[in-house]
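Enquirer: I'd like to ask you about the structure that follows.
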Amino acid sequence: MPIEIEQGAIFVADAHYPNHGDDFFKLLKKIDGGEIVTSQLFLVGDIFDLLFGYNDYIKSFSEDAIKLLNRLSLRIEIFYIEGNHDFCLSEIFPNIRVFPREVQPVRFSLNGRDVYISHGDKYCVGTFYNFYSFILRSRIFLKFFKFIDRLIIDYQMRRLKKKSICFEFENFHKRLDRVLKNYPKNSLIIEGHYHQGEIYKNYISLPSLACSGSVGVLRGKKVIFEEFLVE
C-alpha cells in the first residue's frame, strides 16, 4: 500500500544548499522550533548543491543541515527523493526514507488518488546521461573516489557556487507533455529539477527554494506554493 500524504505536508525541491543561500537551513530550524508545524517533509532532490555518501569530506560543507535533518527525522516523517546533486544518502540519513533514482517515481496516495513523486531527471534524458548517472552513484566508484576527492570536490563546489540556477525553461510545456506520457493519466505528478514553480495539467513542477523562497504545501486536496519568510 502506498503511503498516504498528510495535510500540511511540505515539499521542498532544489534548495542547492549551501552554495545558493541558507533558506533551507532556516526552514529546518523553524520546523525544529515549532514555528512551522508539519508531520511530513518531502525533499524532492537537489536539496544540497553537492552531497553524496561514502565520503566524509563532502559532508563537512553541510554538516549543520545534516545534523538538523537527522534530529528532525526522529520526530516527523521525512522522505528524501534523491536528485542529480545529492545521491547515495542512506548512510548519511539512517532514519529518513531515501529513494534513489532507480526506484523513482515513488508512488504515494492522496485521498485515494495515486501520486507519483520523482526528482525530475528520470524521463526524457539521453543514454549518456543515464550511463553517467549510473556510474556516479556506484558505491565502488564513490569509495575509490575517496583517494582523489578533495581537489575535485573543492573545484566542483567553487564551480557550482558560480552557476546560475534560476531561469525560465523555454518550451517547458512541450517538455512536460513528453514526460507525462510516462505516467498514468489519472495520477498526480510532483517533480522538482526544473526550478519553475508551475502547475500544468496533472503535473506539479515544484519551485526551487533557492530561486523563489517557496515550497509546496498540501492544503485540502491541492498542493499550493507558499513562501515561508526566512529572515
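The values are calculated or read from the model by the stated rules, or taken from the named source; none is laboratory data. The structure presented is a predicted model; accordingly, all values stated were derived computationally and were not measured. Every residue, glycine as well, gets a Cβ built from its backbone with ideal geometry; the counts of neighbours run over all protein chains shown.
Enquirer: Can you report the number of residues in segment 186-223 which are in contact with a strand residue (DSSP E or B) (Cβ under 6 Å, 6 or more places away or on another chain) and assigned to a strand (DSSP E or B)?
Expert: 13
Enquirer: Now, a different point. Could you list, ordered by first residue, the pairs with Cβ atoms under 9 Å in which the first is in segment 152-175 and farther than 25 Å from Tyr203 by Cβ and the second is among the aliphatic types (A, V, I, L, M) and surrounded by 11 or more Cβ atoms within 10 Å (Cβ to Cβ), at least 6 apart or interchain?
Expert: From residues that are farther than 25 Å from Tyr203 by Cβ, the pairs are Ile153/Leu50; Ile153/Ile58; Gln156/Leu50; Met157/Leu50; Met157/Ile58; Leu160/Leu50.
Enquirer: Specify which of the listed residues (Leu89, Leu69) is in a loop (DSSP other than H, G, I, E, B) and either more than 18 Å from Asp23 (Cβ to Cβ) or not acidic (Asp, Glu) (or both). Can you show your working first?
Expert: Details: Leu69 fails: in a loop (DSSP other than H, G, I, E, B).
The match here is Leu89.
Enquirer: Moving on. I'm trying to understand the selection: among the residues of segment 1-33, which are small (Gly, Ala, Ser), surrounded by fewer than 19 Cβ atoms within 10 Å (Cβ to Cβ) and within 20 Å of Asn95 (Cα to Cα)? Even if it seems obvious, please write down each step before you answer.
Expert: Just the residues of segment 1-33 that are small (Gly, Ala, Ser), to begin with: 8-9, 13, 15, 21, 33.
Of the ones still in play, those that are also surrounded by fewer than 19 Cβ atoms within 10 Å (Cβ to Cβ) are 8, 21, 33.
Hit for segment 1-33 is Gly33, nothing else.
Enquirer: Among the numbered criteria (1) surrounded by 19 or more Cβ atoms within 10 Å (Cβ to Cβ); (2) touching a helix residue (DSSP H, G or I) at 6+ places or on another chain (Cβ under 6 Å); (3) modelled with pLDDT under 95, which one does Ala65 miss?
Expert: (3)
Enquirer: Taking the stated definitions as given, is Ala9 under 18 Å from the mean Cα position of the chain (by Cα) and within 25 Å of Ile152 (Cα to Cα)? Walk me through it before giving the result.
Expert: On the way: under 18 Å from the mean Cα position of the chain (by Cα): yes; within 25 Å of Ile152 (Cα to Cα): no.
No; evaluated as a whole, the condition is false for this residue.
Enquirer: Please specify each residue of segment 33-63 satisfying the condition of being part of a loop (DSSP other than H, G, I, E, B), among the acidic types (Asp, Glu) and without any contact (Cβ under 8 Å) to a residue 12 or more places away in the chain. Break it down into steps so the answer makes sense when it comes.
Expert: In the first step, residues of segment 33-63 are kept if they are part of a loop (DSSP other than H, G, I, E, B); the result is 33-39, 44-47, 49-50, 53-55.
In the following step, the residues that additionally are among the acidic types (Asp, Glu) were identified as 35, 46, 49.
Scanning segment 33-63 gives a single hit, Glu35.
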